[in-house]
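My structure is below; once you've seen it, I'll send some questions.
The values are calculated or read from the model by the stated rules, or taken from the named source; none is laboratory data. Only a predicted model underlies this, so the values are computations on that prediction, with no experimental measurement involved. Please note: Cβ atoms are built from the backbone with ideal geometry, for glycine as well, and neighbour counts cover all protein chains shown.
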């Protein structure tokens, strides 16, 4: 096993002891959002601590970076707050027996005139963005080329835009020999106006497997000279796929290089499924080499019919995208599921609808007979049913996905959104 395996194991044990043993993780609310307050709080924090940030815009901070050394911290928006940070973060460790990491929750990173959101050296256990906006960096969101190792990189429910520095600075960049990202997950996120590849895994011998997963993402207006995903041949994955792309929309993609002109390039295994491509200007829409598996039954070219892509409203108005993902939800970022406008709730006294999610049978709890209408997410009525007092309604015939159920009983009306598994 590699030295990083033992390093990661030791880091996990150390953090567990800190959180449950002699050192207790704390949550601290910052009184104000300014460079000195944030830098001081991060310096004084103990590994495992959470810092709650108030609303405000942290002034442009480029003289140095916010450093995280030998600790794992979380920066989180305080309840109801909308903090905006204009500065970048650097994660590093001082010895082989320590680890560091940083999570952002509910924070906007405004990075105009800055190169990166996060740069790491040596090693990190986790870099995570959840419910964040990240924009404006001239190079990468996450970058390292210093023979570094990070166990996990996560973007969850994020909007990332106006980024990228060409092929040399991909959005997520593990550059340089032996620079490694163990697992990269980009889920339920929207990415647009990117002038670089989305991901690069360079040659690495630190891990037996590097893996990237893009799931339920809406990706629009990416222009790069080479490829969207570059997976180097020496990622040393022993089994399975190094890149998994599913339930994603790729629209207005420009890949200009006459050498590659592919969505995926590399000699590690990749798999694309349940995804849609629209206005992808490449010679070959996807690499059809033996290293890339295209699930032709679930991958196709189609127009998502965005509500207003110019103003970045990617609400999908093509009903063929609805309930078409591998999990029965919409293809692309779920935030762009059409809003139900044709069905409204009037009152709900004395009516209950359960369980939710539902598999086969929906219970309608009301002391009177009910009329139950079922609608799809576009507001089109699918069925009308009469249900006895406190009765049951079979929904086994519905495909997996999101529906609206409207119940009218004894002069009362209740409308709920359900998930059919």
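From the residues in the stretch 20-39 that are farther than 26 Å from residue 122 by Cβ and surrounded by 17 or more Cβ atoms within 10 Å (Cβ to Cβ), which one is modelled with the highest pLDDT?
30
Continuing with this model, one more query. Please work out if residue 372 is buried (at least 17 other Cβ atoms within 10 Å of the Cβ) and modelled with pLDDT of 90 or more. It would help to see each step written out before you state the result.
Numbers: buried (at least 17 other Cβ atoms within 10 Å of the Cβ): yes; modelled with pLDDT of 90 or more: yes.
Judged against the criteria, residue 372 is a match.
Separate question: Looking at the stretch 40-60, is at least one residue outside any strand (DSSP E or B), surrounded by fewer than 16 Cβ atoms within 10 Å (Cβ to Cβ), at pLDDT below 90 and in the same structural domain as residue 104 (by TED's automatic domain parsing)?
If we filter the stretch 40-60 for residues that are outside any strand (DSSP E or B), which is where we start, we get 40-49, 54-55, 58-60.
Among the residues that remain, those that are also surrounded by fewer than 16 Cβ atoms within 10 Å (Cβ to Cβ) are: 40, 43-44, 46, 55, 59-60.
If we keep only those that are at pLDDT below 90 too, we end up with 59-60.
With in the same structural domain as residue 104 (by TED's automatic domain parsing) added as a condition, the list becomes 59-60.
Yes, the stretch 40-60 contains a residue that is outside any strand (DSSP E or B), surrounded by fewer than 16 Cβ atoms within 10 Å (Cβ to Cβ), at pLDDT below 90 and in the same structural domain as residue 104 (by TED's automatic domain parsing).
Which of (1) touching a residue at least 60 places away in the same chain (Cβ under 8 Å); (2) outside any strand (DSSP E or B) is the odd one out, the single condition residue 168 does not satisfy?
Going through (1) touching a residue at least 60 places away in the same chain (Cβ under 8 Å); (2) outside any strand (DSSP E or B) one by one, residue 168 breaks only (1).
Also: Taking the stretch 97-114 as the search range and keeping residues that are outside any strand (DSSP E or B) and closer than 15 Å to residue 150 by Cβ, which one is modelled with the highest pLDDT?
Going through the stretch 97-114, the residues outside any strand (DSSP E or B) turn out to be 97-100, 106-107, 111-114.
With closer than 15 Å to residue 150 by Cβ added as a condition, the list becomes 98-100.
On the way: 98: 61, 99: 72, 100: 83.
Result: 100.
Okay, residues lined up against (1) outside any strand (DSSP E or B); (2) surrounded by 14 or more Cβ atoms within 10 Å (Cβ to Cβ); (3) modelled with pLDDT under 90:
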residue: 335; (1), (2), (3): yes, yes, no
residue: 344; (1), (2), (3): yes, no, yes
residue: 363; (1), (2), (3): no, yes, no
residue: 367; (1), (2), (3): yes, no, yes
residue: 415; (1), (2), (3): no, yes, yes
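May I ask you to list the residues in the stretch 382-420 that are under 15 Å from residue 352 (Cβ atoms) and either touching a residue at least 40 places away in the same chain (Cβ under 8 Å) or touching a helix residue (DSSP H, G or I) at 6+ places or on another chain (Cβ under 9 Å) (or both)?
Listed by number, the residues that qualify are 405, 406, 407, 409, 410, 412, 413, 414, 415, 416, 417, 418.
For the stretch 182-202, name all the residues that are modelled with pLDDT of 95 or more and buried (at least 24 other Cβ atoms within 10 Å of the Cβ).
Those that are modelled with pLDDT of 95 or more and buried (at least 24 other Cβ atoms within 10 Å of the Cβ): 186, 189, 191.
So which of 156, 131 ends up being surrounded by fewer than 22 Cβ atoms within 10 Å (Cβ to Cβ), more than 16 Å from residue 85 (Cα to Cα) and in contact with a strand residue (DSSP E or B) (Cβ under 9 Å, 6 or more places away or on another chain)? Step through it out loud before you land on a result.
Details: 131 fails: more than 16 Å from residue 85 (Cα to Cα).
Criteria check complete, one pass: 156.
Among (1) at pLDDT 90 or above; (2) assigned to a loop (DSSP other than H, G, I, E, B), where does residue 378 come up short?
With (1) at pLDDT 90 or above; (2) assigned to a loop (DSSP other than H, G, I, E, B) applied to residue 378, the lone miss is (1).
Let me ask something additional. Give the residues of the stretch 136-163 that are assigned to a loop (DSSP other than H, G, I, E, B) and either over 20 Å from residue 213 (Cα atoms) or without any contact (Cβ under 8 Å) to a residue 60 or more places away in the chain (or both), sorted by residue number.
Narrowing the stretch 136-163 to residues assigned to a loop (DSSP other than H, G, I, E, B): 136-139, 145-148, 157-158.
Passing the criteria: 136, 137, 138, 139, 145, 146, 147, 148, 158.
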